[in-house]
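The values are calculated or read from the model by the stated rules, or taken from the named source; none is laboratory data. Just so you know, these numbers come straight off a predicted model, no measurement behind them. Every residue, glycine as well, gets a Cβ built from its backbone with ideal geometry; the counts of neighbours run over all protein chains shown. The protein model used for the area step is the full one, side chains on, heavy atoms only, and it has no ligands, DNA or RNA in it. Shrake-Rupley method; radii C 1.70, N 1.55, O 1.52, S 1.80 Å.
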Amino acid sequence: KGVVFAVADGVGGGRGGREASEYTVRGLLADYYATPDTWPVPQALDRVLNANNQWLLGRAAAHRELAGMATTLSALVLRGRRYHLAHIGDSRIYLLRRDRLSRLTTDHVWEREDMRHVLTRAIGLSPHLAMDHADDALEEGDVFVLASDGVWEPLGDKGMHEILQLHRDPD
């Protein structure tokens, strides 16, 4: 099945956002490994995350104080000699390969400059979950960074690249 890494950032910062992000990551880590070995990685991620999306929508409908509970999610699976990603929202996955930093995800936010903090897609926002998927071959020395907007926004791509260059040891 590989190894799963994930970052989720709850929408709104309240109880509903915290619960949505925590449940999403816990559910992904538990349920991904329970999917059939014959399923390709994107199929397994989609099935697990769609079920999670429906649970969040049901929970929010049943508990008024959790209305609008939603979360971003950027998940990375390292399996064999390939990486696979599933992404929704504005958390990001970066790849540092041969000293070049590349962003592998696209933010799902409004295009207007004054609304770039408003998500257009997230887990828990809509009954129809539209995840972005990508995969590629791994290379020796690849370094992945999963970051919420609380990290990448203040640092910027240049700042993140500089930090990664200074601190080569993963610890």
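Data overview
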item: Inter-probe distance in nm under a simple model that places probes 7 Å from Cα toward Cβ, at residue 30 and residue 46; result: 2.5 nm
item: Amide H contacts under 5 Å for residue 101, placed H, 5+ residues apart; result: none
item: As computed over segment 51-102, the Cα convex hull volume per residue (Å³); result: 84 Å³
item: Correct option for volume of the Cα convex hull per residue in Å³ [calculated from the coordinates] among (i) 150; (ii) 122; (iii) 162; result: (ii)
item: Full-extension gain in nm, residue 38 to residue 134, via 0.36 nm per residue minus C-alpha separation; result: 32.7 nm
item: Accessible surface of segment 45-112, 1.4 Å probe, proportion on carbon and sulfur as whole %; result: 47 percent
item: Counted charge near residue 148, where neighbours are those whose Cβ lies closer than 11 Å (Asp, Glu -1; Lys, Arg +1); result: -3
item: Calculated diffusion of segment 80-171, Stokes-Einstein form, Kirkwood radius summed over Cα pairs, 20 °C and 1.002 mPa s, µm²/s; result: 147 µm²/s
item: Stretch gain in nm, segment residue 167-residue 22, where the contour uses 0.36 nm per residue and the Cα spacing is subtracted; result: 49.3 nm
item: For the chain, the longest site-free run once trypsin sites (Lys or Arg not before Pro) in DSSP loop states with at most 15 other Cβ atoms within 10 Å are removed; result: 2-80
item: Distance in nm between pseudo-label sites at residue 79 and residue 62 (7 Å out along the Cβ direction from Cα); result: 3.0 nm
item: Theoretical ellipticity at 222 nm over the chain - DSSP helices of four or more residues, -39500 (n - 2.57) apiece, nearest 500; result: -11500 deg cm²/dmol
item: Rg and Dmax of segment 11-108, Cα atoms only, in Å; result: 15.0, 49
item: Descending Cα extents along the principal axes, segment 1-52, whole Å; result: 39, 19, 14
item: Accessible area per residue in Å² at 1.4 Å probe, computed on segment 62-117; result: 53 Å²
